[in-house]
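Nothing in this text is a laboratory measurement; each read-out follows from the coordinates by a stated rule. In this text the structure is predicted, and so the values were computed from the model without any measurement. Cβ placement follows ideal geometry from the backbone for every residue including glycine, while neighbour counts extend to all protein chains displayed.
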Amino acid sequence: GFIDRFLVTAEAYFIPSVIIFNKIDIYDNRTKALSEEIRRIYENAGYECLHISAKEGINIDKVKTLLSNKISLLSGHSGVGKSELINKLIPGLNLKTGDISQYHSKGKHTTTFAEMFPLPGGGFIIDTPGIKEFGMVNFQKEEVSLFFPEMKKLSINCQFNNCTHEHEPKCAVKEGVEKGLISPVRYQNYLNIINGREMEIEDWELD
């Protein structure tokens, strides 16, 4: 999935990441349950997660604290509210925003190129166009698990130091999945990445 491909790339370049769930003011019960399940998965993996509403101003102060005196980049699919969030962080900026297309049920592109803006409290934020796909290049199959923090911790106990955690015996990562230490969703996304497959967020199922 997009999130894990992005996080793997960020980990490879030592870039800290925070996962933001926007538009919580319009979540229905199913979306709330799904967002909580995703939050649990990624917090267990070591990532900070934050639920916000740029439109209603919910938890915007927490976002400001996260971004203070840093150079930060917002990335995500079209229609998730990146430009709307930046407008909330920088009063008077008035970036063009777009809603979800009723015809395609997809986000409509309103940002067409990356642009950096100074933040009132110090630091800069980069607005980026909505991303449909996120490709990964120059990664070796054997190293991808090193960029899944929860897998990296367990992989030192694998029988083979070049274990791909796919079919090898005495694999500590596979044991971690069986014991509930690693999310099956994250593990499946890992397999999708090393085998060149995609898994969209719509395919995720709640227990």
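A few notes on this one:
- When the Cα atoms of the stretch 2-127 are aligned to their principal axes, the ranges along those axes come out at 38, 35, 25 Å in descending order.
- Separation of the Asn44 and Ile90 label points, Cα + 7 Å toward Cβ, nm: 3.8 nm
- Cα-centre dipole for the stretch 1-105 with unit charges at Cβ (Lys and Arg positive, Asp and Glu negative), debye to 20: 220 debye
- Percent of alpha-carbon pairs separated by more than 15 Å within the stretch 1-70: 60 percent
- Taking amide H as placed 1.01 Å from N in the peptide plane, Ile182 has its amide H under 5 Å from the amide H of Val177, each at least 5 places away in sequence or on another chain.
- Stretch gain in nm, segment Lys179-Thr65, where the contour uses 0.36 nm per residue and the Cα spacing is subtracted: 37.4 nm
- Packing, taken as the mean count of other beta carbons within 10 Å per residue, orders the peptides 47-53, 122-128 from highest to lowest as 47-53, 122-128.
- The ranking of Lys32, Lys179 by Cβ neighbour count inside 10 Å, starting from the fewest, reads Lys179, Lys32.
- Within the stretch 2-127, percent of DSSP bridges classed antiparallel, to nearest 5: 45 percent
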